[in-house]
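One structure is given below, encoded as structure tokens.
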Amino acid sequence: MLLTLEGLDGSGKSTVWEALRDRYPDVVFTREPTDSWYGDAVARSMGDGDADPLAELFLFTADHADHLSRVIRPALSEGSVVVSDRYTDSRFAYQAASLADSYLAGGRDPLEYIQEIHDAFTHPPDATVYLDVDPETAADRAGATNKFEHAAYLERVRENYERLIDRDPDRFVRVDATRPLPDVVEVVEDEAARLLGDEV
Ligand code: TMP
């Protein structure tokens, strides 16, 4: 069972992930970007306002490939439940927002292109909790500590998350993350208990 947490920066996702980690000691908790050297490369790219968006997509994707082989697949094959703070949907939502529509040849849709790349090798999540917050609140809470945390960009990211939910409604559980953080944590804990059921 692979459960992922997704949402805009400032949605409270990492706090929720920490609360779940305290509650489920036998579950493998992990995150993307990772703390490997691939994750360090991603952090460097995020710190570069002029980074090429396609190069950045492939750095995030390399970090994901390493995460899969080093953490996700071994844990799942041992029968562990895995909870990841961000996963493939973050690439589909964020890097599709970074790749302007005109960037790819032949008028290719960035979100579909990024999904195709992943389809060839990834392990899809079984369930995804999406912390839904408006871009203005998200940007205010996140405090613009990286180049992605601006309302106009996050608006595009949110539209991409909506496309993903429309395409795969059964996988996603939407949680209203504009509510106070303790309420959000409580709702996600209830949803996690339902989704993980007998697995934990
Ligand atoms: P975090 O806020 O969850 O620590 O994530 C770090 C930033 O990286 C956040 O702004 C979202 C961004 N990100 C992507 O753009 N693409 C990805 O694939 C991942 C995993 C994160």
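A short reminder: the numbers here are calculations on the coordinates, not readings from a lab. If you're wondering where the values come from, they're calculated on a predicted model, not measured in any experiment. Note: ideal-geometry Cβ built from the backbone for every residue, glycine included; neighbour counts use all protein chains shown.
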*Farthest toward positive dipole pole in the range 2-199 [+1 Lys/Arg, -1 Asp/Glu at C-beta], among 12, 88, 75*: 75
*asked:* Just to confirm the number: angle between the C-alpha axis of helix 13-23 and the first principal axis of the chain, 0 to 90 degrees, nearest 10?
replied: 20
*How far, in degrees from 0 to 90, does helix 181-196 lean away from the longest principal axis of the Cα atoms of the chain, to the nearest 10?*
70
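Calculated from DSSP H runs of 4 or more alone, at -39500 (n - 2.57) each and per residue, what is the 222 nm mean residue ellipticity of the chain, nearest 500?
Details: 8 runs with 92 residues, N = 200.
My calculation for the chain gives -14000 deg cm²/dmol from helical runs alone.
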*Go through the range 134-144 residue by residue and turn each phi into a ³J(HN,Hα) via Karplus (6.51, -1.76, 1.60, θ = phi - 60°); whole Hz please, and just put x for glycine and proline.*
6, x, 5, 4, 4, 5, 4, 5, 6, x, 6
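Counting other C-beta atoms within 10 Å, which of 58, 148, 92 has the fewest, and how do the rest follow?
Placing the least packed residue first, the sequence is 58, 148, 92.
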*Note down the net charge around residue 152, summing +1 for each Lys or Arg and -1 for each Asp or Glu among other residues with Cβ under 14 Å from its Cβ.*
-4
*Using the Cα centre as the reference, give the magnitude of the dipole from point charges on the C-beta atoms of the chain (Lys, Arg: +1; Asp, Glu: -1; all else neutral), rounded to the nearest 20 debye.*
260
*Between the helical axis of 53-67 and the dominant principal axis of the chain, each derived from Cα atoms, what acute angle in degrees is found, rounded to the nearest 10?*
30
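In what order do 15, 30 fall by count of nearby beta-carbon atoms within 10 Å, going from fewest to most? Write down the numbers at each step before the final one.
Details: 15 15, 30 21.
So the ranking, lowest neighbour count to highest, is 15, 30.
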